[in-house]
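I have placed the structure first, in the form of structure tokens, so that the comments after it can refer back to it.
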Amino acid sequence: MEQQLETKKVVIGKANWFDNDGAAMKLTLRRKLLAILLLVNAVLISAVYYANQLAFEKSFREYLQNSSRAKLTALMPTIRENFSLYGESWLVKHNPLWPKLVGEFEGRSEAEIEQMMKRPRKGPPKYHRKDGRGEGKPPRGPEGREGRPPRPKHKSPARLVFKSVDDEMLIGRPKSKNTALWQPVYKNKDNTGPLLGYVGIANGMEISNSLDALFASRQQHWFLGIAIVAMLVSSLLAVPFSRFLVAPVLSLREAAKKIASGDYKPPCKSYSKDELGLLAQDLNTLAVTLAENQRSRQQWIADISHELRTPIAVFKAELEGMIDGIIETDEEQLNSLYDEINRLTKLVDDLHQLSMSDRGSLSYKMDIYTLNDIVQHTFDSHAATLKTKHFEWTVSGDKDIVLSCDASRLTQLFNNLMQNTVRYTDSAEHTPGIIKVHLEKSDEEVRIQWQDSSPGVEADLLPKLFDRLYRVDQARDRASGGSGLGLAICASIVQAHSGRISANASVLGGVNFEIVLPIKH
């Protein structure tokens, strides 16, 4: 039977650690916080209690000792007078001068002292045996072992003691030498002259008075009661306080669930400026970023499908026409098909390069090169095109800039900028297009400015030039052959060199592409 009861207790004890679904109860953040608050309060209140006890005991002892020293100081005139009249001969237990000094110490009046000195000394009571044979030992009874009343529980009152200059106890027990509170006695009033001895109070270093001990004991009880009440109050306050602190965390958890389910609306409304408020702001920023990335991804897929569909549709239509005999298979038609294939191939190559750049798979071989040589090589390779398209160009600035970079990638960067400029800049024989490149070096970076002439781009559209498959409607179209990926590749190359690229309005009327690359020492 007892074994069954023990088994039931174990089962019930285990059941308390499971929730309604049978799953193990988790130690939630609120429970952890509540436990921490209770532990901190317990440690703090205990520390305050013991520190208060020590401080009170020390202060109370100092107060009693100072009070005792004041009483001893009041006895100095009488002691000096007795020394001047009798020397050390008055310091004997039965000399009437010592009881008189004791009465003065205890605050008795002169009449009480004289009456006390006149009382005859009484010896111990005599006990007679019942058989009449004389005196015997006191009978044993409930009063005590020797028939005396039991000792009081409180400590004995302070007793006056005295020791000589040679540390010899003249009045008092020898064991009081180390526990007494001593005050030196000098011959003169200003505590100068020869040392006459030491007057003290037995057990003066301790709380010996019964009233003082009772007061100290009651103070300890009060302190303990206050500590217990403070512990209970702090425990009661810790429960709602932990709920209040955990509430924002629970709301952030619900917001994270919404984001995980695909709801990218800013989920948190927090007006606090603490860490949880900053976390709520970051969570809102994350939701906005994910929503923007989703829109960009959808737009990216739509743009790619559109870019691929158009040349394929043209290529398919022309082939079907040739097969049906509607379109003649001549050199002109074959060249048209070849141009479409080239456009499609370039688009696929650019997409592949961007995907590799996003994955970090593009290889960069860094070495030391002269930047001006890379720029000049770009213009030399496009010299025929620039002449045919009627462009004028200049390269200014520091021509001796040495940079750690990948020359082939920077060449690709400048080639893309060149194609962008030639494709979208107005130029004619009488009004040629203008390209200006300026190279500038500082202590920590190299600044490259690539400017072209009109037409320009609206200010609010300039940051979008580096977006993939983005075209400015009035300046970029399919007839010009642009895929909208050249500047995106430029941004990827600059980022791989730990630099930055931006587009601003040019003083020439077109666009100013500014590239900043760090100098690695």
Answer yes if at least one residue in the range 454-461 is farther than 30 Å from I341 by Cβ, open to solvent by 30 Å² or more (accessible area, probe 1.4 Å), touching a strand residue (DSSP E or B) at 6+ places or on another chain (Cβ under 7 Å) and modelled with pLDDT of 90 or more, and no otherwise.
no
Per the list (1) over 48 Å from the mean Cα position of the chain (by Cα); (2) of a type in the set (V, I, T); (3) at pLDDT below 85, residue check on T425 breaks on (3)
Exactly one of (1) at pLDDT below 85; (2) open to solvent by 50 Å² or more (accessible area, probe 1.4 Å) is unmet by G136. Its number?
(2)
Conditions (1) farther than 14 Å from E514 by Cβ; (2) in contact (Cβ under 8 Å) with a residue 24 or more places away in the chain; (3) open to solvent by 80 Å² or more (accessible area, probe 1.4 Å); number of the one not met by E440:
(1)
Looking only at the range 250-261, how many residues end up being open to solvent by 50 Å² or more (accessible area, probe 1.4 Å) and either of a type in the set (V, I, T) or outside any helix (DSSP H, G or I) (or both)?
1
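For residues that are among the β-branched types (V, I, T) and buried (at least 20 other Cβ atoms within 10 Å of the Cβ), scanning just the range 490-511, find the one that is farthest from the chain's Cα centre (by Cα).
Ranking the candidates gives V511 first.
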Report yes if D460 is under 22 Å from A488 (Cα atoms), free of Cβ contacts under 8 Å to residues at least 24 places away in the same chain and not in a loop (DSSP other than H, G, I, E, B), otherwise no.
yes
Failed criterion for S305 (all others in (1) modelled with pLDDT under 80; (2) farther than 23 Å from L347 by Cα hold)
(2)
Residue identified as at pLDDT 55 or above, more than 21 Å from L181 (Cβ to Cβ) and open to solvent by 100 Å² or more (accessible area, probe 1.4 Å) among L97, L85
L85
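Could you count how many residues in the range 402-435 are among the aliphatic types (A, V, I, L, M) and surrounded by fewer than 18 Cβ atoms within 10 Å (Cβ to Cβ)?
Total satisfying the criteria: 2.
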Out of the residues in the range 26-76 that are open to solvent by less than 80 Å² (accessible area, probe 1.4 Å) and not in a helix (DSSP H, G or I), which is nearest to G225 (Cα to Cα)?
T28
Among all residue pairs at least 6 apart or on different chains, which show Cβ distances below 8 Å where the first residue, located in the range 317-331, is in contact (Cβ under 8 Å) with a residue 24 or more places away in the chain and at negative phi and the second is assigned to a helix (DSSP H, G or I) and open to solvent by less than 100 Å² (accessible area, probe 1.4 Å)?
none
Of all residues in the range 196-243 being at pLDDT below 80 and in contact with a strand residue (DSSP E or B) (Cβ under 7 Å, 6 or more places away or on another chain), the one that is nearest to R69 (Cα to Cα)
G204
Can you name the residue in the range 17-43 that is modelled with pLDDT of 50 or more and not aliphatic (A, V, I, L, M) and, of all such residues, is nearest to R243 (Cα to Cα)?
R30
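The values are calculated or read from the model by the stated rules, or taken from the named source; none is laboratory data. Just so you know, these numbers come straight off a predicted model, no measurement behind them. FYI the Cβ positions are ideal-geometry reconstructions off the backbone, even for glycines, and counts take in every protein chain you see. To get the accessible areas, we keep the full protein, side chains included, count just its heavy atoms, and leave off ligands, DNA and RNA. Shrake-Rupley method; radii C 1.70, N 1.55, O 1.52, S 1.80 Å.
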